[in-house]
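The values are calculated or read from the model by the stated rules, or taken from the named source; none is laboratory data. Nothing here was measured: the structure is a model prediction, and the numbers come from that model. Note that we place each Cβ from the backbone using ideal geometry, even for glycine, and neighbour counts take in every protein chain shown.
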Amino acid sequence: MIKLANPLVKDPFITTTSLQQWAYSLGNLGCSIPYQAVGAVLLFFYVDVLKLSPIWAAMVMTGYAIYNAVNNPVMGYLSDRTKTRWGRRIPYILFGTLPYAIFFALLFLVPFDGQNNPISLLIWFIVGLFLFETAATVVQTAYYSLLPEMFAEYRARTNVSVRMNIFMTVGLIIGAALPITIASILGWPIMGVILGVVSAVTLLVATRGMFERSSTLEGPEVRLGQAIKITLLNRSFITVVIAQTMRHFATAVASSGLAFYTKYSLGVDPASSSIILGTIFIVAALALYPWKRFLANRYEPRTTLLIAYVLMGISTIPLFFAQSMLAAIGTAIFLGIALAGLLLMGDVTLSDVIDEDETRTGQRREGMYFGMSGLIITMAYALSSIVFGWISKSYGYDPLLVSQPESVALGFRVFMSIPPAVGSILAIITLLFYPLHGKRLQEVKVKLRQKNLNGD
């Protein structure tokens, strides 16, 4: 059992050390690796390797997406109302990490195949995926909910956000790029075990740097429906989460459309799409610190987000005109710079919303806010799929054709550039109605500090 050095503290504005910030941020690697692997290779493994029916697999993944959206606020609510001597969040991480890693590994430790035992394989897929998603939500909701609680000051939050997103990028590379390579050498079962062990170890090590506020265990009972209603009626939350949804919409478009764009619009090997996508995320990781140093430390969260969305909207347009891989990679660099600002400020801004909610309700409801955010953001991926289907059909794309019409090249240029630009514009307009900035933001910080200094 891992011993927690200081699980509960009285002072909400306790100064955290750089080591604590790195330790907490390391947990994002454990959260990112399985999530990225499931999204990148699980469908390929079950359909192409194990020969599960593509229709069956698609139905399972659709159900998984719906369940993923619904269980986020439920788990967030339960996390907010949990009361133990170790706190509300840490026990879920401490005792949920092992099942989380085991269920992930079991997704690849499959004793059936689609040719000899298709029904058994389908049942294994359904049960394994939903058990994994349940454990993942338990651990990840608790983990992300600790961010605003542990790091109350703006600069500490931006420092941690930089570190978390560095580990997220590493998790993206490990979880999305390496599984097939590892599986080709050691086999899919060993790959699943290795990534599961790495994820579990990083999360458990991260608990050494975690603590919670003892005052957050207090507060009247609030029913789930009422908690959802209060959250959705919060103007600050709605404006921020809509803007965040547009960011996820842009990344969903990039990840789902790049292979088509490189093949039909640029006329190169679709495998080259990984170079463009990798460039975006690597540049984003490298640009995090400059964003924090020169923008986030100078401007407040809303202003920094607005700058990032303006850059994102402008950066997507060159993809419409790019005629070569070199031009696309150049555009990817600018997209990565813009994405860094959005990644840096996303959870930081939501943390301010949670602070404001505490001044109104007297409770810390990080779990509900992160859970509802997860539910709403899931719509970005559905929206991306809808837009993809509409544009691809409108421009004549038909996967059954040996040769696609010339209009298809233009269609995927439109898909990769116009929808993300429109999404950025919508995010900018939404943020103009975000009330938690300037004098209002300062009032919230003063009220929260005074409340906690008085021991309320």
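A few comments on the model shown:
- Search result, residues across segment 32-59 that are surrounded by 19 or more Cβ atoms within 10 Å (Cβ to Cβ), in contact with a Leu (Cβ under 7 Å, 6 or more places away or on another chain) and part of a helix (DSSP H, G or I): Ser32, Ile33, Pro34, Gln36, Ala37, Leu42, Tyr46, Ala57
- Test: residue in segment 49-71 that is in the same structural domain as Met168 (by TED's automatic domain parsing), within 19 Å of Gly196 (Cα to Cα) and of a type outside the set (D, E, K, R): no
Yes or no, residue by residue, for (1) modelled with pLDDT of 90 or more; (2) surrounded by 12 or more Cβ atoms within 10 Å (Cβ to Cβ); (3) within 28 Å of the chain's Cα centre (by Cα):
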| residue | (1), (2), (3) |
| --- | --- |
| Val353 | yes, yes, yes |
| Ile391 | yes, yes, yes |
| Tyr395 | yes, yes, no |
| Leu410 | yes, yes, no |
| Phe415 | yes, yes, yes |
| Gly423 | yes, yes, yes |
| Thr430 | yes, yes, yes |
| Pro435 | yes, yes, yes |
| Asn452 | no, yes, no |
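- On inspection, Phe112 fails the criterion of being out of contact with any strand residue (DSSP E or B) (no Cβ under 7 Å at 6 or more places or on another chain) and under 19 Å from Val201 (Cβ atoms).
- Positions within segment 77-90 being surrounded by 18 or more Cβ atoms within 10 Å (Cβ to Cβ) and either of a type in the set (Val, Ile, Thr) or at pLDDT 95 or above (or both), in sequence order: Ile90
- Whichever residue in segment 358-388 is among the charged types (D, E, K, R) and touching a helix residue (DSSP H, G or I) at 6+ places or on another chain (Cβ under 7 Å) and, among such residues, is nearest to Val240 (Cα to Cα): Glu366
- Within segment 149-188, the residues that satisfy the criterion of being crowded, with 19+ Cβ neighbours inside 10 Å and among the β-branched types (Val, Ile, Thr) are Thr158, Val160, Val162, Ile166, Thr169, Ile174.
- Unmet requirement for Arg364, which otherwise passes all of (1) more than 24 Å from Met416 (Cβ to Cβ); (2) in a helix (DSSP H, G or I): (2)
For every residue, the table says whether it meets (1) of a type in the set (Gly, Ala, Ser); (2) surrounded by fewer than 24 Cβ atoms within 10 Å (Cβ to Cβ).
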{"position": "Thr316", "(1), (2)": "no, no"}
{"position": "Leu319", "(1), (2)": "no, no"}
{"position": "Leu339", "(1), (2)": "no, no"}
{"position": "Asp357", "(1), (2)": "no, yes"}
{"position": "Gly371", "(1), (2)": "yes, no"}
{"position": "Thr378", "(1), (2)": "no, yes"}
